[in-house]
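Here is the structure we will look at, set down as structure tokens.
The values are calculated or read from the model by the stated rules, or taken from the named source; none is laboratory data. Note that the structure is predicted; figures quoted are calculated from it, not measured. Note: ideal-geometry Cβ built from the backbone for every residue, glycine included; neighbour counts use all protein chains shown.
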Amino acid sequence: MEGNNEEQKVNNTEEVKETVTETKEQPKTTNVKKDYSASKNFFENIFKTPYDEIKNVAESPKSYFIIILVSFITWVVAELIGGIISLIRNMVSLSWYSNIFSYLADSFMDIIGLFFTILGPAIIIAALSLIIYLFMKNKKKNYLTIASTLIVAYIPVITSSIISLLGYVNTYVARFTNTYASFCSVITAILTYFAIKALYSEEDDNKATITYLIVMGIYFAFAFVLRLFGISILF
């Protein structure tokens, strides 16, 4: 009898352990399924209900972590490849220069330009995020949430950075890629407006528009100052 009681206690203990383990693992499984579902439906919803989707990102950026990370890395890589192609083109054109010193000087400036090209996406997101954060009352959203939401808003520009690489083939393709880039800039401007509206939780369209114009005005002033120092950044 004592042996049976001890065996039963052991079995009960094992069952309790299994139940506790399953309880601990259940939220992880649920979160994974939720994240996958959010990522799967994102690209469909961003065209159907762009404001609602941007708002969802602003409220729960962790659910879109993979999309945000891949988008930003793709952006940086596309800018890097484009910068390297431009650098190689300039460096092989030795016959354009009157002497080796002017060639080396221009090559050095091209390398510096490549460095800032790589940093371009980070500068854009960091600057806009800081402006939005500083003007935000009660700091309802943290800096990383703001940056994550803006990266999603910049997905059209990211796609244009990739497509623009085809423009190095010839001038005819470049005309198409430039037109596409202009179109993507317009779409990004609209999505950025949605992002700012969602981040500030501003339901009034007039106030949201004024806030957007103020934020973008400060950003373009910042971009203008950078251009004075020879540093050009995108929209």
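When you check THR188 against the structure, is it touching a residue at least 40 places away in the same chain (Cβ under 8 Å) and either under 20 Å from PRO50 (Cβ atoms) or not small (Gly, Ala, Ser) (or both), yes or no?
Values: touching a residue at least 40 places away in the same chain (Cβ under 8 Å): yes; either under 20 Å from PRO50 (Cβ atoms) or not small (Gly, Ala, Ser) (or both): yes.
Yes; evaluated as a whole, the condition is true for this residue.
Any chance you could count how many residues in region 177-211 are aromatic (Phe, Trp, Tyr) and crowded, with 20+ Cβ neighbours inside 10 Å?
Residues of region 177-211 that are aromatic (Phe, Trp, Tyr), as a first pass: 180, 183, 193-194, 200.
Right, trim to crowded, with 20+ Cβ neighbours inside 10 Å and you get 193-194, 200.
The total comes to 3.
Being crowded, with 21+ Cβ neighbours inside 10 Å, of a type in the set (Ser, Thr, Tyr) and touching a helix residue (DSSP H, G or I) at 6+ places or on another chain (Cβ under 9 Å) is the requirement here; does TYR168 meet it? Walk me through how you get there before you give the answer.
Numbers: crowded, with 21+ Cβ neighbours inside 10 Å: no; of a type in the set (Ser, Thr, Tyr): yes; touching a helix residue (DSSP H, G or I) at 6+ places or on another chain (Cβ under 9 Å): yes.
Criteria not met by TYR168.
For region 105-128, check the following and say yes or no: at least one residue is surrounded by 15 or more Cβ atoms within 10 Å (Cβ to Cβ), more than 30 Å from GLY167 (Cα to Cα) and at pLDDT 90 or above.
There is no residue in region 105-128 that is surrounded by 15 or more Cβ atoms within 10 Å (Cβ to Cβ), more than 30 Å from GLY167 (Cα to Cα) and at pLDDT 90 or above.
Are there any pairs with C-beta distances below 8 angstrom linking a residue in region 50-66 that is closer than 14 Å to ALA153 by Cβ and at pLDDT 90 or above to a residue that is among the basic types (Lys, Arg) and in a helix (DSSP H, G or I), with the two at least 6 apart or on different chains, and if so which?
Once the first residue is closer than 14 Å to ALA153 by Cβ and at pLDDT 90 or above and sits in region 50-66, its partners that are among the basic types (Lys, Arg) and in a helix (DSSP H, G or I) give TYR51/LYS197.
Just checking, does region 210-229 include any residue being assigned to a loop (DSSP other than H, G, I, E, B) and not β-branched (Val, Ile, Thr)? Full working, then the answer.
Our first condition is that a residue be assigned to a loop (DSSP other than H, G, I, E, B); within region 210-229, this holds for 229.
Checking which are not β-branched (Val, Ile, Thr) leaves us with 229.
Looking for residues that are assigned to a loop (DSSP other than H, G, I, E, B) and not β-branched (Val, Ile, Thr), one finds at least one in region 210-229, hence yes.
Please enumerate the residues belonging to region 193-232 that are β-branched (Val, Ile, Thr) and modelled with pLDDT under 90.
Of region 193-232, the ones β-branched (Val, Ile, Thr) are 196, 209-211, 214-215, 218, 225, 231.
Hits for region 193-232 are VAL225, ILE231.
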